[in-house]
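What follows is a single structure, written as structure tokens, with notes after it.
The values are calculated or read from the model by the stated rules, or taken from the named source; none is laboratory data. Predicted, not measured: the structure shown is a model, and the values here were computed from it. Virtual Cβ from ideal backbone geometry, glycine too; neighbours counted across all protein chains shown. Surface accessibility is based on the protein's heavy atoms, side chains included, excluding ligands, DNA and RNA. Shrake-Rupley method; radii C 1.70, N 1.55, O 1.52, S 1.80 Å.
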Amino acid sequence: MFQMIGRRRLRYDLIGNGPRTVFFVHALAADSGMWAEQVPVLIGRGLRILRVDLRGHGGSDPVPGDYTLEELASDLAILLEALEVGPVDYVGLSVGGMIGEALALRFGRNVASLMLCESPPAALSNARDIWAPRMAAARSQNSLEPIADATMERWLTPAFRARDPNRWQQIRDTVAGTTVEGYCGTVAALSHFDFTAELPGVRVPALVLYGEDDKATSREENERLARLIPGGRFIAFPGARHLPNVEDPDRFNAILCDWLEAVGK
């Protein structure tokens with residue numbers, strides 16, 4: 001399904017008929033399929049699932065130029081208000097978590113709770129050094145193919161690749177298929193933000209989860225995010241890199257379900 005935003009399409013799917021909606025938002029160079037391991041568990045618990053492809057990712061149209069987290073959050077707010085499903089229990093990973101911070105700060109009426117995974121409260125100080133070579137490689141071939149293998153190395157452990165090579169390949173294909181416009185525009189968004197002064201004003205329950213083998217963010221940044229949001233909780237997730245929800249879905253789903261039960265009371 002598509003939500004039109006002006007003349008461009010934002011792809012989403014809405015599954016189930018439960019009274020509460022859990023809204024999943026993916027990482028950079030992923031798409032809504034990143035949450036495949038979570039959907040059946042939550043549907044089985046009577047919850048409704050909303051997943052979206054960010055602009056320039058999956059089936060959503062790209063937008064030329066640099067993006068901001070506020071613009072990406074605005075896309076989501078338009079979708080939520082068009083579907084009339086809010087306020088939602090928001091689950092975001094990496095840039096999906098950063099967009100969740102922006103959504104709670106700028107469009108807070110749409111958010112009932114936050115689960116933010118691998119998400120700092122501000123751009124990394126060395127963001128340019130990290131991202132410039134990756135963007136240059138992608139632009140040189142007008143494709144993310146040159147950076148797909150290195151991305152997968154950061155995202156998932158070798159043990160996961162050996163255990164489930166088909167799922168590993170599926171995610172790699174998604175990375176390689178992401179548009180260069182969507183990738184570079186989103187990199188600009190995550191490279192230039194700082195919500196540290198505003199996050200103490202968030203007034204919804206928040207859980208921050210960090211895969212302990214993740215090198216894209218750090219434990220310190222994720223713990224700081226949890227401290228900044230009043231009442232925020234932090235959970236370390238051993239044995240996972242950047243995608244704990246894929247690496248160990250049973251353990252991730254148990255944490256997620258416990259969280260949703262707690263905030264739903």
field: Failed item, numbered, when Arg224 is tested on (1) open to solvent by less than 40 Å² (accessible area, probe 1.4 Å); (2) part of a helix (DSSP H, G or I); (3) touching a residue at least 60 places away in the same chain (Cβ under 8 Å)
entry: (1)
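Taking the stated definitions as given, is Ser74 of a type outside the set (A, V, I, L, M) and part of a helix (DSSP H, G or I)?
Working: of a type outside the set (A, V, I, L, M): yes; part of a helix (DSSP H, G or I): yes.
Taking the combined requirement at face value, the residue satisfies it.
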task: Could you tell me which of the residues Ala176, Ala216 is at pLDDT below 95 and of a type in the set (A, V, I, L, M)?
output: Ala216
- line: Checking Ala138, Ala162, Ala148, Ala104 in turn, the sole residue that is open to solvent by 40 Å² or more (accessible area, probe 1.4 Å) and part of a helix (DSSP H, G or I) turns out to be Ala162
- request: Given the conditions (1) out of contact with any Asp or Glu (no Cβ under 7 Å at 6 or more places or on another chain); (2) in contact (Cβ under 8 Å) with a residue 24 or more places away in the chain; (3) under 22 Å from Asp173 (Cα atoms); (4) open to solvent by 30 Å² or more (accessible area, probe 1.4 Å), report the number of the one that Val95 does not fulfil.
  value: (4)
field: Residues of the stretch 139-190 satisfying the condition of being free of Cβ contacts under 8 Å to residues at least 60 places away in the same chain and among the hydroxyl-bearing types (Ser, Thr, Tyr)
entry: Ser140, Ser143
query: Residues in the stretch 237-244: is at least one open to solvent by 40 Å² or more (accessible area, probe 1.4 Å) and in a helix (DSSP H, G or I)?
result: no
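Conditions (1) out of contact with any helix residue (DSSP H, G or I) (no Cβ under 7 Å at 6 or more places or on another chain); (2) closer than 30 Å to Ala77 by Cα, marked per residue:
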{"position": "Gly108", "(1), (2)": "yes, yes"}
{"position": "Ser119", "(1), (2)": "no, yes"}
{"position": "Ala122", "(1), (2)": "yes, yes"}
{"position": "Ala127", "(1), (2)": "no, yes"}
{"position": "Arg134", "(1), (2)": "no, yes"}
{"position": "Glu145", "(1), (2)": "no, no"}
{"position": "Thr157", "(1), (2)": "no, no"}
{"position": "Asp164", "(1), (2)": "yes, no"}
query: What residue, of Gly92, Gly44, Gly16, Gly33, is modelled with pLDDT under 95 and closer than 18 Å to Leu256 by Cα?
result: Gly16
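Pick from the stretch 109-146 the residues that are farther than 18 Å from Thr217 by Cβ and of a type in the set (Lys, Arg): which of them is nearest to the chain's Cα centre (by Cα)? Write out each step before concluding.
Step one: filter the stretch 109-146 for residues farther than 18 Å from Thr217 by Cβ, giving 109-113, 132-133, 135-146.
Among the residues that remain, those that are also of a type in the set (Lys, Arg) are: 109, 139.
Working: Arg109: 20, Arg139: 23 Å.
Restricting to residues being farther than 18 Å from Thr217 by Cβ and of a type in the set (Lys, Arg), the top hit is Arg109.
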task: Tally the residues that are assigned to a loop (DSSP other than H, G, I, E, B) and of a type outside the set (D, E, K, R), restricting the search to the stretch 165-213.
output: 10
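Which of the residues spanning the stretch 1-19 are of a type in the set (A, V, I, L, M), in a strand (DSSP E or B) and either open to solvent by 70 Å² or more (accessible area, probe 1.4 Å) or closer than 26 Å to Arg45 by Cα (or both)?
First, pick out the residues of the stretch 1-19 that are of a type in the set (A, V, I, L, M): 1, 4-5, 10, 14-15.
If we keep only those that are in a strand (DSSP E or B) too, we end up with 4-5, 10, 14-15.
Across the stretch 1-19, the qualifying residues are Met4, Leu14, Ile15.
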query: Do you know which residues across the stretch 20-44 are part of a strand (DSSP E or B) and in contact with a helix residue (DSSP H, G or I) (Cβ under 7 Å, 6 or more places away or on another chain)?
result: Val22, Phe24, Val25
